[in-house]
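**Q** Before I ask anything, let me first share the structure, which is written out below as structure tokens.
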Amino acid sequence: MISVSDNYLSEEQFKSLTSIHLEYNKVHWVGKKSNPENALHELIQSINEEGIGATAWYNIRPINPKLHNDISSYTTYMGKSYKPSKLPKRTYLYYIHAPKTGGQLIIPDIDEEIKPISNRLVSFPIQYDHKIESYTGNRVSIGIIFWPEIPSIYKNANENNILTFNRLWEEEDKRNTI
């Protein structure tokens, strides 16, 4: 059910991914038939999961993130669900930088902990709730979801284009904590 692939990218691909300049606070849409414009797009297309395209975002999480489910997190805004009728199968996490200590991926549904290791690709069934264990240091990963049907929250996304979107759930979180 859980897949772990270490040394996923070549050294050259990894260097390219860690040296690009992107907006880290955005959701990146990469259509299945789009032409990759950078190393992030190439990473997404290398996974080769079924779907029209994928959303990807950089996870630079607070020290104590909460248990969550990616479908609910990334298709809900202002209390309204934009969940498509056909759901993705898996969540993918690609680790760029591991923290000094902690930062394990915790999946309580199956009592699993996965250590963050640079250049590691992990995937698990998307319906699993998960969180990141407390950590010290810098931890950076990329979350990726391949969509068989595009949630309406991602307007204008299709299999041929590359787009960026605001992280709407973070905007909603800010409003709810003020």
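**Q** Across segment 58-105, what is the total count of residues that are among the β-branched types (Val, Ile, Thr), buried (at least 16 other Cβ atoms within 10 Å of the Cβ) and in a strand (DSSP E or B)?
**A** Number of matching residues: 3.
**Q** Report, by residue number, each residue of segment 101-133 that is charged (D, E, K, R) and either more than 13 Å from the chain's Cα centre (by Cα) or more than 18 Å from Ile145 (Cα to Cα) (or both).
**A** Passing the criteria: Asp109, Asp111, Glu112, Glu113, Lys115, Arg120, Asp129, Glu133.
**Q** What's the number of the condition Thr177 fails, among (1) closer than 14 Å to Ala56 by Cα; (2) open to solvent by 40 Å² or more (accessible area, probe 1.4 Å); (3) among the hydroxyl-bearing types (Ser, Thr, Tyr); (4) modelled with pLDDT under 90?
**A** (1)
**Q** Look at segment 12-32 and say how many of its residues are closer than 15 Å to Ile47 by Cα, without any contact (Cβ under 8 Å) to a residue 60 or more places away in the chain and assigned to a loop (DSSP other than H, G, I, E, B).
**A** Residues that pass the stated criteria total 0.
**Q** Right, here's the next one. I'd like to check something: does segment 52-68 contain any residue that is closer than 18 Å to Ser141 by Cβ, out of contact with any Cys (no Cβ under 9 Å at 6 or more places or on another chain), of a type in the set (D, E, K, R) and modelled with pLDDT of 85 or more?
**A** The answer is no, given that none of the residues of segment 52-68 is closer than 18 Å to Ser141 by Cβ, out of contact with any Cys (no Cβ under 9 Å at 6 or more places or on another chain), of a type in the set (D, E, K, R) and modelled with pLDDT of 85 or more.
**Q** Looking only at segment 135-157, filter to residues that are β-branched (Val, Ile, Thr) and part of a strand (DSSP E or B); which one of those is most open to solvent (accessible area, probe 1.4 Å)?
**A** The first filter runs over segment 135-157 and keeps only residues β-branched (Val, Ile, Thr), leaving 136, 140, 142, 144-145, 150, 153.
From what's left, part of a strand (DSSP E or B): 136, 140, 142, 144-145.
Values: Thr136: 71, Val140: 21, Ile142: 0, Ile144: 0, Ile145: 0 Å².
Applying the filter and picking the extreme gives Thr136.
**Q** With the checklist (1) assigned to a loop (DSSP other than H, G, I, E, B); (2) touching a residue at least 24 places away in the same chain (Cβ under 8 Å); (3) over 19 Å from Ile150 (Cα atoms); (4) open to solvent by 40 Å² or more (accessible area, probe 1.4 Å) in hand, flag the one item Leu9 doesn't pass.
**A** Only one criterion in (1) assigned to a loop (DSSP other than H, G, I, E, B); (2) touching a residue at least 24 places away in the same chain (Cβ under 8 Å); (3) over 19 Å from Ile150 (Cα atoms); (4) open to solvent by 40 Å² or more (accessible area, probe 1.4 Å) is unmet by Leu9, namely (4).
**Q** Suppose we keep only residues that are assigned to a strand (DSSP E or B) and open to solvent by 20 Å² or more (accessible area, probe 1.4 Å) within segment 106-134. Which one would you say is farthest from Asp70 (Cα to Cα)?
**A** Initially, segment 106-134 is screened for residues assigned to a strand (DSSP E or B), giving 106-107, 112-114, 120-125, 130-132.
Checking which are open to solvent by 20 Å² or more (accessible area, probe 1.4 Å) leaves us with 106, 112-113, 120, 131.
Values: Ile106: 14, Glu112: 17, Glu113: 17, Arg120: 19, Lys131: 10 Å.
Filtering first and then ranking leaves Arg120.
The values are calculated or read from the model by the stated rules, or taken from the named source; none is laboratory data. All values reported here derive from a predicted model rather than from experimental measurement. FYI the Cβ positions are ideal-geometry reconstructions off the backbone, even for glycines, and counts take in every protein chain you see. Ligands, DNA and RNA are stripped out before the accessible areas are found, and what is left, the full protein with its side chains, is counted by its heavy atoms. Shrake-Rupley method; radii C 1.70, N 1.55, O 1.52, S 1.80 Å.
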